[in-house]
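To keep things clear, I will list the structure first and then write my remarks on it.
The values are calculated or read from the model by the stated rules, or taken from the named source; none is laboratory data. Note that the coordinates shown come from a computational prediction; the quantities given were computed from them, not determined experimentally. As a convention, Cβ positions derive from the backbone with ideal geometry for all residues, glycine included, and neighbour counts pool all protein chains shown. Side chains included, ligands, DNA and RNA excluded: accessible areas come from the protein's heavy atoms. Shrake-Rupley method; radii C 1.70, N 1.55, O 1.52, S 1.80 Å.
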Amino acid sequence: MSLAKTGPRKDGAGYERVSCSAVVGADGAQSSVARAAGWCGLTTVPLVHAIVKLPSGMPSDTVRVWFVPDDTPYFYWLIPESGGRGALGLIGLNGQQTRRCLDRFMEKRHFRALAFQGARIPVYQGWVPVERRVGRGSVYLVGDAAAQVKVTTVGGVVTGFRGALGVSESILNGGRSRELRMLRRELDLHLLIRRSIHGFGQADYSRLVDWMDNAMRRTLSRVTRDEAARVLWHICRNRPRIFLLGLRGLLACLLHPAKRRDTSMALPLSVPSVTQR
Ligand SMILES: Cc1cc2nc3c(=O)[nH]c(=O)nc-3n(C[C@H](O)[C@H](O)[C@H](O)COP(=O)(O)OP(=O)(O)OC[C@H]3O[C@@H](n4cnc5c(N)ncnc54)[C@H](O)[C@@H]3O)c2cc1C
C-alpha cells in the first residue's frame with residue numbers, strides 16, 4: 001500500500017488517498033465501500049428492542065423466546081444483561097409496525113421500557129459475491145456488508161467473523177477459500193430452515209415445542225445455532241416429525257408464495273454467479 005496524497009477537503013474533513021491492491025469493506029449493513037464499488041443495496045429488516053427490568057425469579061443465565069406469528073415471522077426474545085436488566089426485542093418486517101408490536105407485547109406482559117434501541121439488519125437471501133475487481137485491485141466485503149447473517153435467528157457475529165477469515169484466506173491463496181465455501185453452505189442451510197418456518201402459524205409452533213423431548217433439548221443446549229447441519233442431523237435422527245413439519249412449511253412456501261406476508265424469503269435459492277466469487 002502506498003500513500004499518495006493527504007490534505008483537507010472543502011468541507012473541512014481530512015482525507016488520505018492511498019493506493020493498494022486489496023480493500024476490505026467491513027462497514028456494516030449500509031456499507032459505503034459496497035456502494036462505491038458497485039454492489040447492489042441489501043434487503044434489511046428492522047430490529048427493535050427495549051431495555052427492561054427482568055421479571056422477578058428469571059435466572060440471569062437463561063434466554064426466553066416467544067413465537068407470535070401474528071406479530072412477526074421471527075420471534076421475541078428476552079436476553080438478560082447485567083444488573084437485573086435485559087434486552088426485550090423482536091425483528092419484524094416494517095419498522096413502525098414492529099415498534100407497535102413491541103409496545104403491545106410489553107403492555108400485555110407488564111414490562112416497562114427503560115430505553116429503546118433500533119437498527120436495521122441485512123437478511124441473507126442468497127450468497128453475495130465477496131470480491132469485485134476495481135481497476136487493478138480487488139474490493140472485498142465481510143460481515144453485514146455482505147449479508148453474512150444467519151436468517152434463522154438473524155445473527156451475524158459468528159458468520160461475520162467466518163466471512164473475514166474466508167476473505168483473508170482468499171487474499172492469501174489467490175482467490176481460493178475453503179472457509180468461504182463452508183460459510184456459504186451454512187448460510188444457505190439457514191435460509192432453507194428460515195423458509196420452512198417463515199410461514200408457521202401458532203399451531204405449528206405449539207406442535208414444534210410439544211414435540212421437543214429431553215434429548216432434543218440436550219442437543220439444542222450442546223450444539224450452537226451456528227452449526228445448522230448438526231442441528232438438522234439431530235432432528236432428522238431423533239425427531240423426524242419435526243423434520244416433516246419443516247418440510248411441510250417449505251412445500252407451502254413453494255406452492256403458495258402469494259399467501260406470504262413477506263416476499264423476502266421467496267424461493268428459489270439464488271444461482272451462484274460464475275464471474276464473481
Ligand atoms: C441490537 C442488536 C443485537 C444483535 N444481537 C446479535 C446477537 O445476539 N447475535 C448475533 O450473532 N448477532 C447479533 N446482532 C447482529 C450483529 O451485531 C451483526 O451481524 C454484526 O455486528 C455485524 O458485524 P460487522 O462488523 O459486519 O458490522 P457492524 O457491527 O455494523 O460494524 C460495522 C462498523 O463499521 C463502522 N463504519 C460504518 N461506516 C463507516 C465509515 N464510513 N467509516 C468508518 N467506519 C464505518 C461502524 O461504525 C461499525 O463500527 C445484533 C445486532 C443488533 C443491532
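Take the residues of the stretch 160-200 that are among the small types (Gly, Ala, Ser) and part of a loop (DSSP other than H, G, I, E, B): which is farthest from Ala145 (Cα to Cα)? Before the answer, list the steps.
Residues of the stretch 160-200 that are among the small types (Gly, Ala, Ser), as a first pass: 160, 163-164, 166, 168, 170, 174-175, 177, 196, 199.
From the residues that got through so far, the ones that are part of a loop (DSSP other than H, G, I, E, B) too are 174-175, 177, 199.
Values: Gly174: 22, Gly175: 19, Ser177: 19, Gly199: 27 Å.
Among those residues, the one meeting the criterion is Gly199.
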Worksheet item: Identify, please: which residue in the stretch 146-199 is closer than 14 Å to Val231 by Cβ and open to solvent by less than 10 Å² (accessible area, probe 1.4 Å) and is, among those, nearest to the ligand (Cβ to nearest atom)?
Response: His190
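Residues of the stretch 15-59 being within 16 Å of the ligand (Cβ to nearest atom) and either open to solvent by 80 Å² or more (accessible area, probe 1.4 Å) or without any contact (Cβ under 8 Å) to a residue 40 or more places away in the chain (or both), which ones? Please lay out each step first, then the result.
Of the stretch 15-59, the ones within 16 Å of the ligand (Cβ to nearest atom) are 15-18, 23-37, 39, 41-52.
Passing the criteria: Tyr15, Glu16, Arg17, Val18, Gln30, Ser32, Arg35, Ala36, Gly41.
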Worksheet item: Residues of the stretch 139-174 being in contact with a Ser or Thr (Cβ under 7 Å, 6 or more places away or on another chain) and among the polar types (S, T, N, Q), which ones?
Response: Gln148, Ser170
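Counting only residues that are part of a strand (DSSP E or B), of a type in the set (Gly, Ala, Ser) and closer than 27 Å to Ala203 by Cβ, how many does the stretch 52-111 have?
Narrowing the stretch 52-111 to residues part of a strand (DSSP E or B): 52-53, 64-66, 76-80, 85-91.
Retained after the next criterion (residues that are of a type in the set (Gly, Ala, Ser)): 86-87, 89.
Going one step further and asking which of them are closer than 27 Å to Ala203 by Cβ, we end up with 89.
Residues in the stretch 52-111 being part of a strand (DSSP E or B), of a type in the set (Gly, Ala, Ser) and closer than 27 Å to Ala203 by Cβ: 1 in total.
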Worksheet item: Which one of these is aliphatic (A, V, I, L, M) and buried (at least 16 other Cβ atoms within 10 Å of the Cβ): Val128, Val134?
Response: Val128
Discussion item. Just the residues that are open to solvent by less than 80 Å² (accessible area, probe 1.4 Å), at pLDDT below 85 and not in a helix (DSSP H, G or I), please, taken from the stretch 235-265.
Written reply: Arg260, Asp262
Practice prompt. Go through Arg132, Arg162, Arg136, Arg181 for me and flag whichever is free of Cβ contacts under 8 Å to residues at least 24 places away in the same chain and closer than 30 Å to Ser21 by Cα.
Written response: Arg181
Worksheet item: Which residues, counting only those in the stretch 202-212, are loosely packed, with under 12 Cβ neighbours inside 10 Å and either in a loop (DSSP other than H, G, I, E, B) or of a type in the set (Val, Ile, Thr) (or both)?
Response: Val209
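Can you confirm whether Ala215 is within 16 Å of the ligand (Cβ to nearest atom), open to solvent by less than 50 Å² (accessible area, probe 1.4 Å) and of a type in the set (A, V, I, L, M)?
On the way: within 16 Å of the ligand (Cβ to nearest atom): no; open to solvent by less than 50 Å² (accessible area, probe 1.4 Å): yes; of a type in the set (A, V, I, L, M): yes.
The answer is no for Ala215.
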